[in-house]
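Heads up, the thing below is written out as structure tokens.
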Amino acid sequence: MVDDEYLARRFEEHRGHLRAVAYRMLGSLSEAEDAVQEGWLRASRADSDAVDNLGGWLTTIVARICLNMLRARGTRREAALDVEEYEYVHVPDPVLGPVDVADPEQEVLLADSVGLALMVVLETLAPAERLAFVLHDMFAVPFEDIAPIVDKTPAATRQLASRARRRVQGRAPSPSPDRARRREVVDAFISAARGGDFEALLALLDPDVVLRADAGALPTTKLLRGARVVAEQAATFRKLAELNRVVLVNGVPGILAASEGRALAVLAFSLGADGRITELNILADPARLRGLDLAVLGG
């Protein structure tokens, strides 16, 4: 057996990568941590003497765990596949960061961030499709290595990823402008919200904008479509506006509403090619907001 101390050290070297795989698979920071920890327990009990590619082996272990966790969630996500629009409201956990990043290593991490809107689309994929897409398209894992995880042939696994890719391309937001333009829009949104300025909010919104607000329970959980309908939420936005600060949400400018070190809401924006907001994802679930690490923001 490989020495336990050596294996533990090597596992820590791969922890960041494994956490990134698990987060993209699960959309939950806490579940991603659980999956990585379970991966360590399984790896430490296995015979790894003959493993040539430790990183690939660990990725496979964590991916299997994530697949089982997705399947255990039941049929909610599979049911969403037959619906043209999102029937249920679920916003994945956001990853927060400071808006002014001077650390080159942090810049590299942010460049590899997956936008929250794309994470929402991943939630609509069947578990095996999501695994094939995440591992192959996001982490360049060969189909030959993915196939045993989903009990398919490499050719069938390729088809899983292809179906997932079509769904993602059909539903993911259009490419957004650069970060400077994103910041301008976020600042303008905060200003309009603070003033309760309906017309200013309306001007920022694409006519077909989608607002997805996940509060964890009805009646505050909602899915709204259309610029006028979304702009009519100005009163709701205004309540949080004085507590807003601009942060990075999954690598791009967004909004954190917080008071006394406690997160009240996180807002993530998707912008169209013309710079208007095409999608607004809001996490306001108190239980999940309590799990966010605000210390990474500083100040």
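The values are calculated or read from the model by the stated rules, or taken from the named source; none is laboratory data. What you see is a predicted model, and the numbers here were worked out from it, not measured in a lab. Glycine also receives a Cβ, built like all others from the backbone with ideal geometry; neighbour counts cover every protein chain displayed. Please note that ligands, DNA and RNA were not included when accessible areas were found on the heavy atoms of the full protein model with its side chains. Shrake-Rupley method; radii C 1.70, N 1.55, O 1.52, S 1.80 Å.
Summary of values
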item: Unit Cα scatterers, Debye sum, segment 126-221: log10 I(q)/I(0) for q = 0.12, 0.19, 0.24 Å⁻¹; result: -0.65, -0.93, -1.14
item: Neighbour net charge for Gly115 - beta-carbon separation under 11 angstrom, K R +1, D E -1; result: 0
item: List Lys222, Lys152, Lys239, ordered by accessible area with a 1.4 Å probe, largest first; result: Lys239, Lys152, Lys222
item: Kyte-Doolittle mean at least -1.0 and Cα axial length at least 20 Å: DSSP H helices in the chain; result: 4-26, 29-45, 54-72, 179-195
item: Surrounding net charge for Asp49, when Lys and Arg each add one and Asp and Glu each subtract one, Cβ distance under 14 Å; result: -2
item: Calculated FRET efficiency for the pair Asp151/Asp52, C-beta based, R₀ 30 Å, to 0.05; result: 0.85
item: Kirkwood-Stokes translational diffusion coefficient of segment 183-260, alpha-carbon pairs, 25 °C, 0.890 mPa s, µm²/s; result: 188
item: Heavy-atom surface of the chain, accessible at 1.4 Å and reported per residue (Å²); result: 48
item: Val229/Ala140 FRET efficiency (R0 35 Å; Cβ-Cβ; nearest 0.05); result: 0.30
item: Translational D in µm²/s for the chain (Stokes-Einstein at 20 °C, 1.002 mPa s, Kirkwood Rh from C-alpha pairs); result: 105
item: Where only alpha carbons of segment 163-299 are counted, the Rg and the Dmax (Å); result: 14.7, 45
item: Contour minus Cα-Cα distance for Ser44 and His17 (0.36 nm per residue); result: 7.9 nm
item: Karplus (6.51, -1.76, 1.60) ³J(HN,Hα), θ = phi - 60°, over segment 285-295, in Hz, Gly and Pro reported as x; result: 7, x, 5, 7, 5, 4, x, 6, 8, 7, 5
item: Helix-only mean residue ellipticity at 222 nm for the chain, each DSSP H run of n ≥ 4 adding -39500 (n - 2.57), per residue, nearest 500; result: -15500 deg cm²/dmol
item: Pairwise label distance in nanometres, Arg71 with Thr236, each label 7 Å out on the Cα-Cβ vector; result: 3.7
